[in-house]
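Undergrad: Quick one: structure below, then a few questions.
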Amino acid sequence: MKKPRPSRLCPALLGLALALLHGQQRSRAQLVDEEQVKAAYIYNFLKFAEWPAEAFATPTDPIRLCVLDDSRFYSQVMHVVKDRTIAGRSIVAVPIHNADKARHCHLLFINSAHNGEVDRLFESLHGSNVLTIGETETFVDRGGIIGFVTQDSQVHFQVNHKAATQYRIRLSSRLLSVAKRVVE
Amino acid sequence: MKLSCSTCLRSLTTVLIFILGTCDYCHSQQPLSDLSEATLEELGSIQVYSASKRIQPSGEAPSSVTVVSADDIQKQGYRTVADILRTVRSFYVTYDRIYSSLGVRGFARPGDFNTRILLLVNGHRLNDNIYDEAMIGTEFPVDIDLIQRIEIVRGPVSSLYGSNALFAAINIVTKEARDINGLDVSAVAASLHTYKARASYGRELKRFSFLVSGSFYGSTGQTQIFYPEFNRPETNSGIASHADDDQVGSAFGTISSHDLTLEAVWGTREKGIPTGAYGTIFNNPDTRTIDSHRYADLRYEHIFPGSLDVLARAFYDQYAYQGTYAYPSITDPTQTNLNVDCADGRWWGAEIQLARSMPGRNRVTVGGEFRDNIRQNQTNHDLHPPSLLLDDERHSIVSAFFLQDEIVLSNSVALNLGLRYDYYSAVKSSTDPRAALIWRPWSHTALKAIYGEAFRVPNVYERYYSIAPNVPNPTLTPEKIRSAEFVWEQSISTSFWLSLSTFHNTLDDLITQESLNDDSYIFENLQTVSSRGIEFEVKGRRSTGLEGTASYSFQDSEDRDSGQSLSNSPQHIAKLNLVQPLLRRGLFASLDAQYRGGMTTLTSRSVSPFALVNLTLLGRNLGKHLDISAGFYNLFDKDYYDPPSTAVSLHSIRQDGRTLQFKVTWKSGAR
């Protein structure tokens, strides 16, 4: 049986397709979507964070977990927190499309697409009790509280302890000990 | 790297399967419930892949949504809302040198004042209560520099917004005190003797924040425009001379404290009409229109215990129009008679919206709206000889109730249901449903199936305006659209995204201006129009910083009764937007290219297809306080034409050639 000759067109086409897919080629049968892991992390953070009493209107008021302008991640989070409670409080996932609504959140996830607006956002959150979570390297250095970093296909997080204190959110030592980096 | 063909073919197949969306590994996601039980350490050890994201607009929005930001506006040098909408997929704008008309998905009726588009500013309805007009050109009452972003929702959305939201709802979100943060001034000098100046000041104080802004725009317009249809000695050989001027004044103010925001808007525009519209004397500078809109809007937003979000609003609006039209006097044809056409609209109203996020799976929104049109008056009189021709006074009441439920059925399926009932004191009431099913079979892919209905009630202009050649028709009933749409959104990588959508629209009892035998016109619920189309859009970003969007849309609209293609309806529309940062993001070069296919006009003629290119260079944060931009519009000086409206007896309306704009913005606070 004759082996077919490699065609010249073929690598060119593949190159084009590869360029289109931009690194999406590797098989990932056993890999997990980064967003699912982040959503699970966020649920975990709730267990290790404590808000001041005035952040809630009543002792049973739910924890508002907001996702800024990212309805896909919102649905991930929604799925994780549904039917769960933390210290007697239920958790509601809230999609927000306007940073001004953020002051009323207990936890706010800001995806990397909003990187350009975070400084403005932090300004508007001044004096609130919002646990901000981002996903860029510089998020915690710019004043965010928890920033995801993805290294070697693993999701880790950094913590700005000083910022947490400013927002009057107590983070447990357990959380701080797992963090890749803690800004004091 | 060497590749054998079998590897190559396999990879290609993988690629194709991936693109077509039937790959296996997408189903092998670990169940989420397991993950959330994992400890922090365990989570840190999981191998992940990056689901692509972050360059697409709201992935699970129950509609096809486009968002244009202040950043895009500045980089692309957009001058008006119409400029922005021209660049949006499947949208096209025509200009008859009075108003800019927006077409969406092949639908733009000649002489229509954008009545089938709902225009909102911070959620406040802008369509007036006489013509239902959405003003998008220089007549739009808010300065372009004050826009923080524009959210464009395609498809019928009457289930949330009521009348007029047939083809799209466009919400313009303005900047706030902290976006301006100090003094911010800009000056523009442009071709056609165009100048603009704006000053804004915003401060955030301890207890409240405020923003005030004012601007003035003046343009002499084209000093000479040649219209071959008027090429006769008695009409200045077809040359309209100094008759295209445009003056705009606008003011904007907002003050907020805690949950309350008070906003005041005022805008007025005066425009010379060079086209001899409505049979007026050609090349007469007295023929002009003035449109003014002002309103005050008080908004309250609060989140109550139990995660109950409340939005309440009360508002008062005034819209005034005055058109002055020069005709030969009936008593002495050598004299000019000025006919003055006026509209005076005033309305106030209130709305409330409650949204509750339930722990678990859904978010319910209920709301109600009330609008009292206290004045919907139209008058018309001649000055020589003085005579009152129309004095029509109307008022009406609108109230509505709506309900929306966003239900997350599973991790990959969401359902969005909406229903709204509108009561109109003057015409038949309407109930409009909407349903959207969003399925995300795997994280790169969203599939949406959307069905919606929307309506538009006939306005008082269509029902009661009786100046020849118009004949009134008080028996008009609301028109209705039914729309089905399928959307496929696919992320190819973290920096490449595409979307494909196909739609089918049916418009029943369309309110159409019909010609009667004796050269008069009447609005009637006549046409049934159906249109089908397909749209394709890609967005991409390269590591060099180059960003871009390209779109193509094809549609075919048909008048069901006559079986003919619809006029003012281009089959092909294509757009390309590119932004390249240069000099370490200190300079941006932006290209905006638009193609519009040919279309037939109301008079069964045609306007040719054209491609336009605009180029803008922006130097940002020069010396920390200064932005300077230079815009070249219609860079290649392309000769192109728009179809006429019913107002104009021309076959087609020539548009501007190449124009230039220089703009300088200075802000006290470096951002």
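The values are calculated or read from the model by the stated rules, or taken from the named source; none is laboratory data. As the structure is a computational prediction, the values presented were derived from the model and not from experiment. Reconstructed Cβ throughout: ideal geometry from the backbone, glycine too, with neighbour counts over all protein chains shown.
Undergrad: Provide a single number: the residues in segment B:146-185 that are surrounded by fewer than 22 Cβ atoms within 10 Å (Cβ to Cβ), acidic (D, E) and touching a strand residue (DSSP E or B) at 6+ places or on another chain (Cβ under 6 Å).
TA: 1
Undergrad: Examine segment B:644-658 for a residue that is surrounded by fewer than 21 Cβ atoms within 10 Å (Cβ to Cβ), outside any loop (DSSP other than H, G, I, E, B) and β-branched (V, I, T), and state whether such a residue exists.
TA: No, the conditions are met nowhere in segment B:644-658.
Undergrad: Just to check your reading of the model, which residue among A:V94, A:V155, A:V80 is surrounded by 21 or more Cβ atoms within 10 Å (Cβ to Cβ), touching a residue at least 60 places away in the same chain (Cβ under 8 Å) and at the interface with another protein chain (Cβ under 7 Å from one of its Cβ atoms)? First the steps, then the outcome.
TA: Values: A:V94 fails: touching a residue at least 60 places away in the same chain (Cβ under 8 Å); A:V80 fails: touching a residue at least 60 places away in the same chain (Cβ under 8 Å).
After applying the criteria, what remains is A:V155.
Undergrad: Any residue at all in segment B:434-441 that's over 17 Å from B:V487 (Cβ atoms), modelled with pLDDT under 90 and buried (at least 21 other Cβ atoms within 10 Å of the Cβ)? Write out each step before concluding.
TA: The first filter runs over segment B:434-441 and keeps only residues over 17 Å from B:V487 (Cβ atoms), leaving none.
Checked segment B:434-441: no residue is over 17 Å from B:V487 (Cβ atoms), modelled with pLDDT under 90 and buried (at least 21 other Cβ atoms within 10 Å of the Cβ).
Undergrad: Filter segment A:38-61 for residues that are at pLDDT 90 or above and in a loop (DSSP other than H, G, I, E, B); which is nearest to the other protein chains (Cβ to nearest Cβ)?
TA: By that ranking, first place goes to A:F48.
Undergrad: Residue under question is B:S159, and the condition is that it be in contact with a Phe, Trp or Tyr (Cβ under 7 Å, 6 or more places away or on another chain) and within 28 Å of B:T365 (Cβ to Cβ); does it hold?
TA: Details: in contact with a Phe, Trp or Tyr (Cβ under 7 Å, 6 or more places away or on another chain): yes; within 28 Å of B:T365 (Cβ to Cβ): yes.
Yes.
Undergrad: Next question, about the same structure. Given (1) touching a helix residue (DSSP H, G or I) at 6+ places or on another chain (Cβ under 7 Å); (2) modelled with pLDDT under 85; (3) within 7 Å of another protein chain (Cβ to nearest Cβ); (4) under 29 Å from A:H161 (Cβ atoms), where does A:A113 come up short, assuming only one miss?
TA: For A:A113, the failing item is (1).
Undergrad: Which one of the conditions (1) in contact (Cβ under 8 Å) with a residue 60 or more places away in the chain; (2) in contact with an Asp or Glu (Cβ under 9 Å, 6 or more places away or on another chain) does A:L107 fail to meet, given that it meets all the rest?
TA: That leaves (2) as the condition not met.
Undergrad: Do any helices (runs of 4 or more DSSP H) lying entirely in segment B:1-117 carry at least 2 residues that are more than 10 Å from chain A (Cβ to nearest Cβ), modelled with pLDDT under 90 and closer than 30 Å to A:Q76 by Cβ, and which ones are they?
TA: In segment B:1-117, B:5-20 are the helices (runs of 4 or more DSSP H) which contain 2 or more residues that are more than 10 Å from chain A (Cβ to nearest Cβ), modelled with pLDDT under 90 and closer than 30 Å to A:Q76 by Cβ.
Undergrad: Which of the residues that make up segment B:628-660 are more than 22 Å from B:Y595 (Cα to Cα), at pLDDT 95 or above and not hydroxyl-bearing (S, T, Y)?
TA: Residues of segment B:628-660 that are more than 22 Å from B:Y595 (Cα to Cα), as a first pass: B:628-630, B:646-650.
Okay, now just the ones that are also at pLDDT 95 or above, so B:628-630.
Those that are more than 22 Å from B:Y595 (Cα to Cα), at pLDDT 95 or above and not hydroxyl-bearing (S, T, Y): B:I628, B:A630.
Residue-wise test of (1) in contact (Cβ under 8 Å) with a residue 40 or more places away in the chain; (2) polar (S, T, N, Q); (3) touching a Pro at 6+ places or on another chain (Cβ under 8 Å).
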residue: B:P386; (1), (2), (3): no, no, no
residue: B:E393; (1), (2), (3): no, no, no
residue: B:Q404; (1), (2), (3): yes, yes, no
residue: B:V408; (1), (2), (3): yes, no, no
residue: B:N416; (1), (2), (3): yes, yes, yes
residue: B:Y421; (1), (2), (3): no, no, no
residue: B:S430; (1), (2), (3): yes, yes, yes
residue: B:A446; (1), (2), (3): yes, no, no
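Undergrad: Listed residues B:L591, B:L582, B:L587; which is more than 15 Å from B:L660 (Cβ to Cβ) and exposed (fewer than 15 other Cβ atoms within 10 Å of the Cβ)? Outline the logic, then answer.
TA: Values: B:L591 fails: exposed (fewer than 15 other Cβ atoms within 10 Å of the Cβ); B:L587 fails: exposed (fewer than 15 other Cβ atoms within 10 Å of the Cβ).
Of B:L591, B:L582, B:L587, the one residue that is more than 15 Å from B:L660 (Cβ to Cβ) and exposed (fewer than 15 other Cβ atoms within 10 Å of the Cβ) is B:L582.
Undergrad: Out of all the residues in segment B:309-368, which are more than 14 Å from every other protein chain (Cβ to nearest Cβ) and among the hydroxyl-bearing types (S, T, Y)?
TA: B:Y316, B:Y319, B:Y321, B:T324, B:Y325, B:Y327, B:S329, B:T331, B:T334, B:T336
Undergrad: Right, another one. Only one of these conditions is not met by A:T60: (1) polar (S, T, N, Q); (2) within 26 Å of B:E547 (Cβ to Cβ); (3) in contact with a Ser or Thr (Cβ under 9 Å, 6 or more places away or on another chain); (4) surrounded by fewer than 17 Cβ atoms within 10 Å (Cβ to Cβ). Which number is it?
TA: Checking A:T60 against (1) polar (S, T, N, Q); (2) within 26 Å of B:E547 (Cβ to Cβ); (3) in contact with a Ser or Thr (Cβ under 9 Å, 6 or more places away or on another chain); (4) surrounded by fewer than 17 Cβ atoms within 10 Å (Cβ to Cβ), the one that fails is (2).
Undergrad: A further question on this structure: Return the total of residues in segment B:454-479 being in a strand (DSSP E or B), surrounded by fewer than 21 Cβ atoms within 10 Å (Cβ to Cβ) and within 25 Å of the chain's Cα centre (by Cα).
TA: Initial filter on segment B:454-479 (in a strand (DSSP E or B)): B:454-456, B:470-471, B:479.
Filter once more, keeping what is surrounded by fewer than 21 Cβ atoms within 10 Å (Cβ to Cβ): B:470-471.
Those still in the list that are within 25 Å of the chain's Cα centre (by Cα) too: none.
Counting residues in segment B:454-479 that are in a strand (DSSP E or B), surrounded by fewer than 21 Cβ atoms within 10 Å (Cβ to Cβ) and within 25 Å of the chain's Cα centre (by Cα) gives 0.
Undergrad: Out of B:R482, B:R394, which single residue is basic (K, R) and either under 30 Å from A:V92 (Cα atoms) or in a strand (DSSP E or B) (or both)?
TA: Being basic (K, R) and either under 30 Å from A:V92 (Cα atoms) or in a strand (DSSP E or B) (or both) holds for just one of B:R482, B:R394, which is B:R482.
Undergrad: Take B:I511 and decide whether it is over 30 Å from B:V413 (Cβ atoms), without any contact (Cβ under 8 Å) to a residue 60 or more places away in the chain, away from chain A (no Cβ under 14 Å) and buried (at least 22 other Cβ atoms within 10 Å of the Cβ). Show your work before the answer.
TA: Working: over 30 Å from B:V413 (Cβ atoms): yes; without any contact (Cβ under 8 Å) to a residue 60 or more places away in the chain: yes; away from chain A (no Cβ under 14 Å): yes; buried (at least 22 other Cβ atoms within 10 Å of the Cβ): yes.
So B:I511 passes the test.
Undergrad: Out of B:R375, B:R356, B:R363, B:R420, report the one residue that is in a strand (DSSP E or B), modelled with pLDDT of 95 or more and either among the charged types (D, E, K, R) or farther than 17 Å from B:A436 by Cβ (or both). Steps first, answer last, please.
TA: Working: B:R356 fails: modelled with pLDDT of 95 or more; B:R363 fails: modelled with pLDDT of 95 or more; B:R420 fails: modelled with pLDDT of 95 or more.
Answer to the selection: B:R375.
Undergrad: Which residues, taken from segment B:312-347, are closer than 30 Å to A:S90 by Cβ and free of Cβ contacts under 8 Å to residues at least 60 places away in the same chain?
TA: As a first pass, look at segment B:312-347 and keep what is closer than 30 Å to A:S90 by Cβ: B:312-313.
Correct list: B:A312 only.
Undergrad: Within segment B:274-301, count every residue that is surrounded by fewer than 17 Cβ atoms within 10 Å (Cβ to Cβ) and within 29 Å of B:I374 (Cβ to Cβ). Spell out the reasoning first.
TA: Our first condition is that a residue be surrounded by fewer than 17 Cβ atoms within 10 Å (Cβ to Cβ); within segment B:274-301, this holds for B:279, B:281, B:285-286, B:290, B:298, B:300.
Then drop every residue that is not within 29 Å of B:I374 (Cβ to Cβ), which leaves B:290, B:298, B:300.
Within segment B:274-301, residues that are surrounded by fewer than 17 Cβ atoms within 10 Å (Cβ to Cβ) and within 29 Å of B:I374 (Cβ to Cβ) number 3.
Undergrad: With (1) out of contact with any His (no Cβ under 9 Å at 6 or more places or on another chain); (2) within 7 Å of chain B (Cβ to nearest Cβ) as the list, and A:H104 as the residue in question, which single condition is left unmet?
TA: In the conditions (1) out of contact with any His (no Cβ under 9 Å at 6 or more places or on another chain); (2) within 7 Å of chain B (Cβ to nearest Cβ), A:H104 misses (1) alone.
Undergrad: Of all residues in segment B:120-143, count the ones that are outside any loop (DSSP other than H, G, I, E, B) and either buried (at least 24 other Cβ atoms within 10 Å of the Cβ) or of a type in the set (S, T, N, Q) (or both). First the steps, then the outcome.
TA: Taking segment B:120-143 as the starting set, the residues that turn out to be outside any loop (DSSP other than H, G, I, E, B) are B:120-121, B:124-125.
Then drop every residue that is not either buried (at least 24 other Cβ atoms within 10 Å of the Cβ) or of a type in the set (S, T, N, Q) (or both), which leaves B:125.
Counting residues in segment B:120-143 that are outside any loop (DSSP other than H, G, I, E, B) and either buried (at least 24 other Cβ atoms within 10 Å of the Cβ) or of a type in the set (S, T, N, Q) (or both) gives 1.
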